[in-house]
Amino acid sequence: MTMRIFVPRDAGAVAVGADEVAAALELAAVKTGIAVEIVRTGSRGLYWLEPMVELATLQGRVAFGQVTAADASSVFDAMAAGGSHPLYLGLTEQIPWLKRQTRLTFARCGVIDPRSVRDYRAHDGYKGLERALTLTSDEILADVTTSGLRGRGGAGFPTGIKWKTVAQASADRKYIVCNADEGDSGTFADRMIMEGDPFAVIEGMTIAGIAVGASKGYIYIRSEYPHAVAAMNAAIAAARRTGYLGEYIVGSSHTFDLEVRVGAGAYVCGEETSLLESLEGRRGIVRAKPPLPAHKGLFGRPTVINNVLSFAAIPFILAGGAKAYAEYGMGRSRGTMPIQLAGNIKHGGLFETAFGITLGELVDDIGGGTFTGRPVRAVQVGGPLGAYFPRTLFDTPFDYEAFAARDGLIGHAGVVVFDDSVDMAKQARFAMAFCAVESCGKCTPCRVGSTRGVETIDKIIRGERTSENLAVVEDLCNTMKFGSLCALGGFTPYPVMSALKHFREDFGPAPATLQAAE
Amino acid sequence: MRSAYEPWNEARGAEIIAEHDKLEGATLVILHAMQEAFGYVPEPAIPMIASALSLSRAEVHGVFTFYHDFRHQPAGRHVLKLCRAEACQAAGGDALAARAEAKLGIAFGNTTADSRVTLEPIYCLGLCATAPSAMLDGRVIGRLDEQRLDALMAEAQR
């Protein structure tokens with residue numbers, strides 16, 4: 001019998017040697033003359049174990065990790081002989097870190113061959129589309145609404161309402177746009193799903209097209225993700241070949257096709273209206289809203305624009321899972337969230353779970369603290385525009401409203417852990433500096449406020465009139481927060497103000513001490 | 001010194017434009033294709049793109065200069081990008097960035113005098129659970145440490 005070995009092709013695994021491991025395993029197979037099929041999958045998301053290699057057995061897949069090219073030959077021998085090996089991790093699904101998760105969106109990621117429609121279908125793929133083709137537009141929209149799904153890009157807007165608005169708009173053309181401009185540091189869920197289960201994104205977008213009456217979709221992927229671009233293009237070609245994209249989708253009356261467009265290194269293009277401008281071939285300058293993209297979006301036509309994870313959640317929901325999806329979560333945050341644990345963390349990776357888990361559980365319990373072994377001091381949640389949380393707020397549950405109540409945001413659910421060597425004044429400065437470089441320049445609070453912010457924080461770091469300059473920073477932050485057109489200028493105050501509020505000691509002597517000295 | 005890129009050639013430029021000019025919103029697609037062929041976007045290409053897409057030169061120039069990716073001149077033979085974003089900062093990326101600048105003798109955004117290496121910052125490669133991260137000519141590298149960085153620089157300088 002042919003041995004089936006699975007090695008990730010995910011960029012995160014390739015970056016730590018997965019290609020070399022695959023080649024070494026192949027060589028070992030040739031030497032022993034044993035028939036082997038090496039399947040390149042996505043990643044299971046247990047990144048501290050990457051490259052993690054799996055073998056199909058009668059009991060299920062078993063894993064080995066971290067495997068280096070030097071280990072490949074002995075790992076292969078253990079696989080062939082069924083013998084033991086120091087890197088043996090047992091049944092993959094039983095690894096506690098994976099077993100604790102609720103994988104709805106990421107059920108197939110790391111399991112299937114991301115280039116094979118057949119493999120996708122063998123793992124419940126396209127069941128959502130098949131059912132959607134038997135429903136009316138209203139029935140599809142009802143399912144999406146029932147699921148309680150909110151936009152996974154960060155804003156958390158109810159997906160059902162967005163789709164309904166586009167469905168009700170009348171126009172000669174409508175568009176479906178997938179925002180795959182995942183620029184937030186500490187986030188990689190979009191990349192993983194595009195590389196590991198791209199058909200889920202395609203299926204979700206196709207269902208959106210059928211629901212709202214659009215026949216063309218674009219996936220805007222950032223240029224920093226060449227592996228994701230390649231994986232999506234390969235999957236789109238495979239879907240066309242098998243009748244899942246193009247005219248008369250699987251024999252129905254619907255037409256839907258997709259095209260990948262690649263960004264060009266502008267962070268602001270993750271903002272939906274900038275993204276639309278960029279797709280139209282222009283500078284990524286934000287548009288004032290209204291009009292909403294749902295009314296006037298791409299090329300002035302009604303447009304559904306959603307994040308990768310929102311579309312990837314749709315197949316499960318439409319395959320009869322709307323109620324089941326809604327049963328997970330807390331408050332108004334329904335379903336599961338693919339949380340990304342990153343930075344200085346021992347067990348980093350993709351942890352999909354129902355809303356409601358606390359920040360402390362994620363960082364200490366699941367993440368295992370820092371890999372440097374030093375104490376965790378600060379955690380930034382939600383990317384460069386997210387707040388820094390101190391340990392005292394580790395009881396915050398993962399929920400849109402709970403984070404907002406503590407002056408934070410969950411954004412795209414990236415969690416970046418810092419140990420006690422972090423200088424929070426430097427982090428606050430970085431937030432302003434990043435905004436200054438990436439600002440599109442359209443509105444003054446963002447364009448000018450960020451540059452003034454850098455200058456003022458520099459003065460504080462130099463110890464110049466600390467308390468007055470802290471007041472200036474606070475004032476700038478208020479102007480940016482309430483006066484900016486989009487989230488870049490509007491949310492940059494979150495990391496800055498949270499650093500100031502929770503880590504005041506990093507910004508020079510406290511006001512009282514200062515006055516006493518004067 | 002060999003280059004993987006073609007020298008600028010007007011006829012070739014026109015050919016690249018003709019391949020894409022029927023697409024909706026083709027400007028970025030064409031700029032990317034130009035850079036892929038020539039290693040940068042040559043100045044004479046701007047008015048050609050403008051005329052093909054019925055845009056003004058100013059509009060195309062505006063797009064060209066808005067995005068960080070598009071080069072105004074050829075890069076060095078190798079491009080080393082180090083991630084400077086928060087997750088990599090948390091994992092010790094700043095010290096590695098300083099080491100790269102010191103060892104190559106250039107600041108970020110510059111090319112070594114022998115045109116071998118261009119050092120650039122990048123803001124997130126999405127490899128944040130195996131940080132710090134780098135990219136050398138399109139190849140991704142995770143769990144960067146001093147040794148791996150030195151090896152990368154040595155490879156780029158060869």
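Before moving on, here are some points about what is shown:
- Some residue of segment A:152-162 being open to solvent by less than 20 Å² (accessible area, probe 1.4 Å), more than 19 Å from A:M192 (Cα to Cα) and not in a loop (DSSP other than H, G, I, E, B): yes
- 3 or more residues open to solvent by less than 20 Å² (accessible area, probe 1.4 Å) and under 28 Å from A:I460 (Cα atoms): qualifying strands (runs of 3 or more DSSP E) within segment A:342-436: A:376-381, A:388-390, A:414-419
- Matching option when the condition is on the phi < 0 side of the Ramachandran plot and within 14 Å of chain B (Cβ to nearest Cβ), among A:K289, A:K216, A:K323: A:K216
- When residues of segment A:34-60 are limited to those that are in contact (Cβ under 8 Å) with a residue 40 or more places away in the chain and open to solvent by 50 Å² or more (accessible area, probe 1.4 Å), the one farthest from the other protein chains (Cβ to nearest Cβ): A:I34
- Index of the failed condition, A:L25 passing every other in (1) open to solvent by 40 Å² or more (accessible area, probe 1.4 Å); (2) more than 13 Å from chain B (Cβ to nearest Cβ); (3) farther than 19 Å from A:L91 by Cβ: (1)
- Test: residue in segment A:465-482 that is small (G, A, S) and either surrounded by fewer than 22 Cβ atoms within 10 Å (Cβ to Cβ) or within 14 Å of chain B (Cβ to nearest Cβ) (or both): yes
- Looking only at residues in segment B:97-127 that are on the phi > 0 side of the Ramachandran plot and free of Cβ contacts under 8 Å to residues at least 24 places away in the same chain, the one that is farthest from the other protein chains (Cβ to nearest Cβ) is B:G105.
- Taking first residues from segment A:299-311 that are charged (D, E, K, R) and partners that are open to solvent by less than 10 Å² (accessible area, probe 1.4 Å), the Cβ contacts under 9 Å between residues at least 6 apart in sequence or on separate chains come to A:R301/A:Y175; A:R301/A:A214.
- Test: residue in segment A:103-124 that is in a loop (DSSP other than H, G, I, E, B), away from chain B (no Cβ under 14 Å) and modelled with pLDDT under 95: no
- Complete set of residues in segment B:61-79 that are β-branched (V, I, T) and more than 9 Å from every other protein chain (Cβ to nearest Cβ): B:V79
- Candidates B:L152, B:L144, B:L82 - the one that is within 13 Å of chain A (Cβ to nearest Cβ), touching a residue at least 24 places away in the same chain (Cβ under 8 Å), open to solvent by less than 30 Å² (accessible area, probe 1.4 Å) and part of a loop (DSSP other than H, G, I, E, B): B:L144
- All helices (runs of 4 or more DSSP H) inside segment A:228-334 with 3 or more residues being buried (at least 20 other Cβ atoms within 10 Å of the Cβ) and at pLDDT 95 or above: A:272-279, A:308-316
- Unmet criterion (only one of (1) open to solvent by less than 10 Å² (accessible area, probe 1.4 Å); (2) more than 10 Å from chain A (Cβ to nearest Cβ)) for B:A87: (2)
- Contact map, segment A:3-19: residues that are facing chain B (nearest Cβ under 9 Å) and more than 15 Å from A:I38 (Cα to Cα) paired with residues that are in a helix (DSSP H, G or I) and of a type in the set (D, E), Cβ distance under 7 Å, separation 6+ or inter-chain. Pairs shown: A:A11/A:E195.
Okay, residues lined up against (1) assigned to a helix (DSSP H, G or I); (2) of a type in the set (D, E, K, R):
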{"site": "B:P7", "(1), (2)": "no, no"}
{"site": "B:R12", "(1), (2)": "yes, yes"}
{"site": "B:E19", "(1), (2)": "yes, yes"}
{"site": "B:E24", "(1), (2)": "no, yes"}
{"site": "B:I30", "(1), (2)": "yes, no"}
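- Evaluation of A:G148 against (1) over 24 Å from A:V250 (Cβ atoms); (2) within 14 Å of chain B (Cβ to nearest Cβ) (one fails), failing number: (2)
The values are calculated or read from the model by the stated rules, or taken from the named source; none is laboratory data. Keep in mind that what you see is a predicted model, and the values were worked out from it rather than measured. Please note: Cβ atoms are built from the backbone with ideal geometry, for glycine as well, and neighbour counts cover all protein chains shown. Protein only, heavy atoms only, side chains kept; ligands, DNA and RNA dropped before computing areas. Shrake-Rupley method; radii C 1.70, N 1.55, O 1.52, S 1.80 Å.
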